[in-house]
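See below for the structure under consideration.
Every read-out reported here was derived from the displayed coordinates using simple, explicitly stated rules and does not represent laboratory data. In this text the structure is predicted, and so the values were computed from the model without any measurement. Counting neighbours? That spans all protein chains shown, and the Cβs are built from the backbone with ideal geometry, glycine included.
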Amino acid sequence: MTLFQKKLVAAICVAIIVAGMTASAQIRGLYPMRIEPEGNHVYINTEGKVILNIDSLLAEEFSQGYAAVCANDVWYYINREGKKAFGRDFEEVLSFAEELAAVKVNGLWGYINLAGDMVIEPKFTRAFSFSDGLACVMIGDQADGSACYGYIDREGQFAIEPSLRCLDNQYFSPPGEFSEGLAAAWLPLNSDGDYMVGYINKEGKTVIAPKFTVAGKFVDGLAPVSIMMNDEVPPTGFIDKSGNFVIQQAFSQASHFSEGLAPASTFDPKYEKPEMWGFIDTKGKWVIKPTYEMAEPFDGGIARVYDQLGSGGEVYIKKDGSILANSSMLQGKAAGHTGVYKLEVKSVKASSVLPATKNISYKPENLLDGDIATAWVEGAKNSGAGEWLEFKFAKPVELHSIDIYNGYQKSATDKRDPFKVNQSVAKLRIVINGKTSEHVVRDERGAQTIKLDGPVSSSVKFEILAAHEKKGDPDCCISEVEFTGRLVP
């Protein structure tokens with residue numbers, strides 16, 4: 001497989017994953033988060049506090065009162081109290097949408113209602129969630145080439161006959177869900193067997209001609225699409241319902257809009273820079289800077305993003321980009337029992353600060369703004385040894401861990417990588433209630449967690465003992481610091 005093919009397959013897979021993760025998040029208030037390293041899940045509320053502790057490696061969003069979870073290769077639903085619903089297991093399930101959920105029984109898919117009753121008998125090879133009153137299903141067998149897609153209504157009758165091809169190639173994705181009266185589908189270009197993605201209406205008629213490689217659903221009149229350019233991986237933009245680009249193809253990938261923002265990732269036609277995700281507005285402007293490895297649409301004012309996709313690294317952020325909770329805050333079984341959470345810092349001061357340049361500030365408050373693209377930079381003439389930071393809390397807190405984003409973690413540009421040219425902390429002394437501990441800090445992107453044994457204090461002091469010295473700027477930087485624990489009663 002060529003590099004182009006691999007990247008295109010990855011783009012399609014991520015688009016499918018993001019759509020699947022977010023399509024059902026209709027009831028707000030509880031959000032799943034994986035705990036590392038065990039991998040089990042908890043559900044947090046909009047304040048970032050743990051509400052449910054689930055003994056499951058897979059857990060989906062709550063939708064219409066229920067969430068799908070998987071344990072020991074068996075899927076079932078739980079209610080908002082965390083109890084098993086309907087008294088039965090399934091081979092696979094999807095989240096509830098429009099009061100119905102697709103479930104797999106004995107190798108075939110059907111639909112249950114909110115009482116757990118099977119209302120559309122299992123008879124489909126594949127099935128997807130309802131949207132706009134219709135659900136995409138597959139009949140036939142991919143092995144013998146008889147598989148095709150159609151759309152059923154809530155009675156299980158075909159509203160669009162199964163005539164949409166199931167293509168046997170690595171680029172193909174199933175037809176999309178209906179939204180605002182349209183759904184993306186692979187449609188024939190000619191009689192030679194060539195297909196591209198276009199949009200159909202609820203009668204199955206083509207409304208937007210097939211010319212896209214990847215296409216998402218319409219929200220607020222806009223849909224993310226990709227068109228092949230110069231036989232390279234197609235960048236993504238947004239079209240209106242006439243099929244015209246409103247936001248030009250400037251992103252590697254993107255998902256649909258939600259609450260006025262859409263997840264999107266940076267695009268480098270030379271494939272030399274890492275692809276990073278952030279959020280754009282309806283003008284295509286970055287509202288939350290692209291600093292994450294993946295991102296999902298906003299729901300209820302918060303969104304799930306990933307800062308270390310390979311190892312989980314789940315983070316929930318608010319619309320101002322600040323962090324509500326991340327998986328390291330909830331690490332281990334203590335999260336479900338002690339209720340630890342991200343602590344609010346009242347103030348922070350530093351021994352020195354590098355003067356602002358080109359309207360960029362390096363103040364210590366940057367450590368608490370939830371944005372790893374900003375940083376505190378010390379202002380001493382040496383490489384930072386001997387400089388210090390002091391954090392104060394409004395009330396005494398019990399400290400469980402500290403997350404440090406070492407160095408200047410702002411994304412690289414064509415001309416400069418701030419992380420590579422600036423110094424970072426190599427050895428750190430932490431002072432709490434007069435007691436000191438020394439810690440080695442690695443020169444790497446992402447959060448590094450320092451575990452604590454629960455000391456109670458109103459302040460924490462950092463002292464830099466040594467720096468990772470580099471050939472670039474002589475200034476030592478830290479991008480973000482997060483404290484996890486709980487208020488002392």
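Using Cα-Cα distances under 8 Å and only pairs 6 or more residues apart, what relative contact order does the chain have, in percent? RCO, the chain: 9 percent. Taking a ≥ b ≥ c as the square roots of the eigenvalues of the alpha carbon gyration tensor, the stretch 343-487 is prolate, as a/c is not under 1.5 and a/b beats b/c.
Taking Cα atoms only, the orientation of helix 3-22 departs from the longest principal axis of the chain by about 90 degrees. A straight line joining the Cα centroids of the stretch 442-489 and the stretch 37-103 runs 35 Å. Which of rounded, prolate, oblate describes the stretch 78-177, given a ≥ b ≥ c as roots of the alpha-carbon gyration tensor eigenvalues and a/c under 1.5 marking rounded, otherwise prolate only if a/b is larger than b/c? Prolate, because a/c is 1.5 or more and a/b exceeds b/c. Within the straight-line cut-off of under 16 Å between alpha carbons, the lysines reachable from Lys318 are Lys49, Lys289, Lys342, sequence neighbours fewer than 8 places apart in one chain being disregarded. Note on Ala250 and Lys435: with the Förster distance fixed at 51 Å, the Cβ-Cβ geometry gives a FRET efficiency of about 0.50.
Shape analysis of the stretch 187-245 places it in the oblate category; the axes a ≥ b ≥ c from the Cα gyration tensor give an a/c of at least 1.5, with a/b not above b/c.
How much length, in nm to one decimal, is gained on full extension between Lys123 and Val287, taken as 0.36 nm per residue of separation minus their Cα-Cα distance? All intermediate terms of the calculation are to be shown ahead of the outcome.
On the way: separation 164, 0.36 × 164 = 59.04 nm, distance 4.50 nm.
The span from Lys123 to Val287 would gain 54.5 nm if fully extended.
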